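Read the figures in this text as sums done on the coordinates, not as results from a lab. Just so you know, these numbers come straight off a predicted model, no measurement behind them. So basically every Cβ, Gly included, is an ideal-geometry build from the backbone, and we count neighbours across all protein chains shown.
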């Protein structure tokens, strides 16, 4: 499935003294199989954009096309289109409300009118996807769990709707390194098993590790769209956007400036490790 | 004679009611005047329990905590202790009580019965110290997360504390909010001599401290300068904490036979060291 943004503009409080343009003429396409990182300084319009992707906000002008159909068109089955796009908000655990983990995850599928057996199957699958043991956690209260586990329950609730595209707005905010790595590992597995992923992130190092594509927003406009390799070699642009580049990219540029023969587009620690070790071995053959 | 420690925790243990095992066990920590100490640990490590023991929100099950010489078990000194060691918490929205920034900063002073003129002066100074003077008459909900945390800090500063305890004060902020809050606290530490206990799980924040104490499973597992602590790559990994990317890369290259020196933390240090071995002019 594809989600295509065409000349998307969003103006908050249009026609009043508080009018502000949050998004200006944004066009790009989220393609099947992308792991797309959406990055930009706070206030650049990321969250506004994300809320257009499943129809929570309507564009002031422009369109969001889901497999060619206008999400905000007059005769469109919006509910059906939205079901294929799962949105995980920031701090999604604040939205947990049920007595047990299983009931909370079942809330969405239940509203679809599925049979009890189908609902349970979906809950089991979703819990497995977020690495929560069904027998151990299904009947626990979500509010007795750790912050990271609660967040995984909230994500499972979205996965139980079996979306083709999963959108996550800063899924690791507020988590410690261990919780962060678990969530990112889960998102990586979902992507590998065929889910298209859109992830809003502030961490260029996380983006470097995971994304196949990076879309950069600045002041409500699209600043750049490319692979991490293309984006992270443009250090000046990324710094002007208030984002910076991964440490590996910074090291590469510092070493090149000192005359070391390294490609200018390295951006992961593994690549750097390989190149530096090779240079060392060439210089010290025995 | 040297000035007494601002905070002194002596073999402190704490067990929550109905818990089988202690959340914190035999932890000692001394914070000198003007010192900036980071406490690093993952969720559930006991670091927030430690924070709450340091200004008498909790009282130790074993051992004792002295704040500027006052024992936190002494009920009569409770308000003096809290005034000497102010605390900011994680969620900016849970700490604001008033409808205007100025009134929020005034809250603690009003409760102390400080005369009006002095109160106005202390509020003005506190807002100035966190660079929020321009927002004195603003409604707190109009502020960013980082600005709200700075207002919370101003509320503590108005009480003229000797020590500031921050329990994951930046965990819910974006990178620029995090920087603005951490920079503010460093400036107060430097210019006003306020001691800081900075509790965090962000390794790059702990790296800016004078000293880092690493807590895991309720115990102190590492303690030293940031350089000493962050070059313990394997130990840090074991307890699920981050190490700086450059420390990690340096260790991998060293393990593979490249003779980089120990103690590399930053991109600049790595650049110098790789150049020493590989750059054409050397």
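What the Cβ-Cβ distance of residue B:133 and residue A:31 gives, at R0 = 60 Å and to the nearest 0.05, is a FRET efficiency of 0.75. If a/c stays under 1.5 just call it rounded; otherwise compare a/b with b/c (prolate if a/b is bigger, oblate if not). Do that for region A:50-143, with a ≥ b ≥ c from the square roots of the Cα gyration tensor eigenvalues. Taking the square roots of the gyration eigenvalues as a ≥ b ≥ c, region A:50-143 is prolate. Bridge orientation summary for chain A: considering DSSP beta bridges with both residues in this region, about 55 percent are antiparallel. Protection proxy ranking, highest mean first, for peptides B:163-174, A:211-222: B:163-174, A:211-222, where packing is the per-residue count of other beta-carbon atoms within 10 Å, averaged. Computing FRET efficiency as 1/(1 + (r/R0)^6) for residue B:112 and residue A:189, where r is the C-beta to C-beta distance and R0 is 51 Å, gives about 0.40.
Between the helical axis of B:245-255 and the dominant principal axis of chain B, each derived from Cα atoms, what acute angle in degrees is found, rounded to the nearest 10? Approximately 30 degrees, to the nearest 10. For helix A:177-192, report the angle its Cα long axis makes with the longest principal axis of the Cα atoms of chain A; keep it between 0 and 90° and round to the nearest 10°. Helix A:177-192 sits at roughly 80 degrees to that axis. Distance distribution P(r), chain A, all Cα-Cα pairs, bin width 10 angstrom from 0: 6, 25, 30, 22, 11, 4, 1, 0 percent.
If you bin all the Cα-Cα distances of region B:7-243 at 5 Å, starting from zero, the percentages per bin are 1, 7, 14, 18, 19, 17, 12, 7, 3, 1, 0, 0. The alpha carbon convex hull volume per residue for region A:246-286 rounds to 57 Å³. A prolate overall shape is assigned to region B:22-149, the ratio a/c of its alpha-carbon gyration tensor axes (a ≥ b ≥ c) being 1.5 or greater and a/b exceeding b/c.
Kirkwood radius for region A:177-286, taken over all pairs of different Cα atoms as the inverse mean of 1/r, rounds to 15.5 Å. DSSP beta bridges confined to chain B are antiparallel in about 50 percent of cases. Working from label points 7 Å from Cα in the Cα-to-Cβ sense, the residue A:11 to residue A:79 distance is 3.4 nm.
Taking only Cα atoms and a 10 Å spring cutoff, compute GNM fluctuations for chain A and point out the largest among A:49, A:168, A:260. In this elastic network of chain A, the residue with the biggest mean-square fluctuation among A:49, A:168, A:260 is A:260.
Here the protein assembly as shown carries DSSP beta bridges of which approximately 50% are antiparallel, counting only pairs with both residues inside.
Taking the C-alpha atoms only, the angle from helix B:101-112 to the longest principal axis of chain B is near 70 degrees. Over the protein assembly as shown, DSSP H runs of length four or greater, each weighted -39,500 (n - 2.57), average out per residue to a 222 nm ellipticity of -11500 deg cm²/dmol. Over region B:190-282, all Cα pairs binned in 10 Å intervals from 0 give whole-percent P(r) values of 15, 43, 27, 12, 3, 0, listed from short to long. What is the spin-label model distance, in nm, from residue B:97 to residue B:237 if the labels are put 7 Å beyond Cα along the C-beta direction? Distance between the two pseudo-spin positions: 4.8 nm. Taking only alpha carbon atoms, the protein assembly as shown gives an Rg to Rh ratio of 0.99, where Rh is the Kirkwood radius. For the residues of A:172-182, the average number of beta carbons from a partner chain within 10 Å of their own beta carbon is 6. Per-residue packing, averaged as other Cβ atoms within 10 Å, sorts the ranges A:158-166, B:195-203, B:230-238, A:112-120 into the order B:195-203, A:158-166, B:230-238, A:112-120, beginning with the highest.
Partner shielding of B:240-253 amounts to 4, given as the average count of beta-carbon atoms from other chains within 10 Å of each residue beta-carbon.
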